[in-house]
Amino acid sequence: MQSASFPEPPVESFMFRSPLAPAFLFGSTSFEEGGKKALVLLPESPLLKDAIPDGQDPLWMTGTVFLPRNDWENVIGYDPGILVGQTQLGKGTVYFMGSELFRLLKMAKEENRLDEVQGWVQILKNLIRQAASTKSPGA
């Protein structure tokens, strides 16, 4: 019995603009080997409320996954890499958070810095509060 062979999907599919630039909705992310130091670029953002205690340099401010866009609000990142950001889409808001919580927890545990992950969790809470307080279309 022969195994079935399937044709390769076209490169110009909905997920990929070219073989070198995978893009799902907002474009590909960039990976920074060993991490890259991010900066708070919009300190007044409601996403950052109670997230970064004064004078603290939390471990999650060194990110590894960034969204290289300059047409978004870059809350935390560098130019043009977004670690935490947002953009308007229709009547709603889309958020990007480059670090994955489970990876942060693993790294923080290895470095005995678990208390520093709380700021990232606070940003997630702020994002959910902000999204929940926005009226949905037709409401």
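The values are calculated or read from the model by the stated rules, or taken from the named source; none is laboratory data. The structure presented is a predicted model; accordingly, all values stated were derived computationally and were not measured. Note: ideal-geometry Cβ built from the backbone for every residue, glycine included; neighbour counts use all protein chains shown. Surface areas here come from the heavy atoms of the whole protein model, side chains and all, with no ligands, DNA or RNA. Shrake-Rupley method; radii C 1.70, N 1.55, O 1.52, S 1.80 Å.
If you scan segment 69-96, which residues turn out to be open to solvent by less than 40 Å² (accessible area, probe 1.4 Å) and either touching an Asp or Glu at 6+ places or on another chain (Cβ under 9 Å) or of a type in the set (A, V, I, L, M, F, W, C) (or both)?
TRP72, VAL75, ILE76, GLY81, ILE82, LEU83, VAL84, GLY85, GLN86, THR87, VAL94, PHE96
Okay, residues lined up against (1) in contact (Cβ under 8 Å) with a residue 12 or more places away in the chain; (2) out of contact with any Pro (no Cβ under 7 Å at 6 or more places or on another chain):
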| site | (1), (2) |
| --- | --- |
| ASP50 | yes, yes |
| THR93 | yes, yes |
| MET97 | yes, yes |
| LYS109 | no, yes |
| GLY119 | yes, no |
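Going by the conditions given, is GLU116 charged (D, E, K, R), open to solvent by less than 70 Å² (accessible area, probe 1.4 Å) and more than 24 Å from GLY27 (Cα to Cα)?
Numbers: charged (D, E, K, R): yes; open to solvent by less than 70 Å² (accessible area, probe 1.4 Å): yes; more than 24 Å from GLY27 (Cα to Cα): yes.
Yes, satisfied.
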